[in-house]
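Worksheet: the structure to be examined is printed underneath.
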Amino acid sequence: MTCRKCGKELPQDASFCPYCGAEAELEVSSLEEAAASPVPEDLDESSAAIPENPAAPAEPEEDKKDCVKCGEDIPDDSVLCSYCGAWQENETPESTEGLQKRTVDRRAFIAMAVVGVLLLVALILVSSILASLPKKAGTPEPRPEPEAEAAGDSIQPVASGRCFVEPDYEPMCPIEIQVNGERAYYIYLEYVWEPEDSYDSRLPIVSSPQEEDMAFYVESGSSAELYVPIGVYRVYYASGYSWQGPEELFGEDTEYNRDIYLLDFYTDEESAYGYTLELWDDTENNPDMEPIAPEDFPS
């Protein structure tokens, strides 16, 4: 009996072709001929009897192997068991494209995974080797960023109205300073005496008052309003462009002046009285000022 698909000879009792996997079919024509052929009349039972030990026809021995599933002997080159239809291991059927495609895809995926793992291991090994190598002699180290210079000697900006000398007495009377132009002013109020006609007296704010004077800074082009303790004061003016602090004032460019009048800060039963001073860059615009020597300016 031959396979109806691939044409190869099949075993007598095969249900499947062991070469292409096609289901085996009996040859209808052979069966019909066998049924139609008459039995000879002169054949009696004795002659039709099968001998007890009939001689089996000699057939060439073929290489056999066991089916991986049912264990039946099948030809060694079979890719499919002719009894149970199971595919044999490490065999690829000739006419199963789907099976070949899945096998190829799985192998490609496994190969890609193996290559990826090998590359990762190689990268780790190279990184470890490079990290363990000693630095090349003479390789310059990166220079640290230069630290910012300490600003201990620099003068921070000063707000208008900042007091540098504060009296130990209660401030009660107003004073307003308006600075016009580009020069800034450091104003020093030197206490002279207590006014006789003030309704209130000077009131100390500490148990043992020591400081009686007052001094403050006003920026150019700005104004400041403060309160002064009751008293009669002589007013000194130091002006300039670059403020250097209460010791250096405005440096070598400092101009020193003094008001020709004493300023009287006092109170009555209803109000406290003070002054508004308007200052300019030029001395000629400040008619109540007179220049003085630097050493005459109170420290």
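Quick note: the coordinates plus some simple rules give every number you see, no bench work behind them. Because the structure is predicted, anything quoted here is derived from the model rather than measured.
Let me understand the range 231-299 better: what is its radius of gyration from the alpha carbons, and its Dmax, in angstrom?
14.2, 47
Please work out the Kirkwood hydrodynamic radius for the range 153-295, using every pair of different C-alpha atoms, and report it in angstroms with one decimal place.
Details: mean 1/r = 0.0637 Å⁻¹.
Computed over the range 153-295, the radius equals 15.7 Å.
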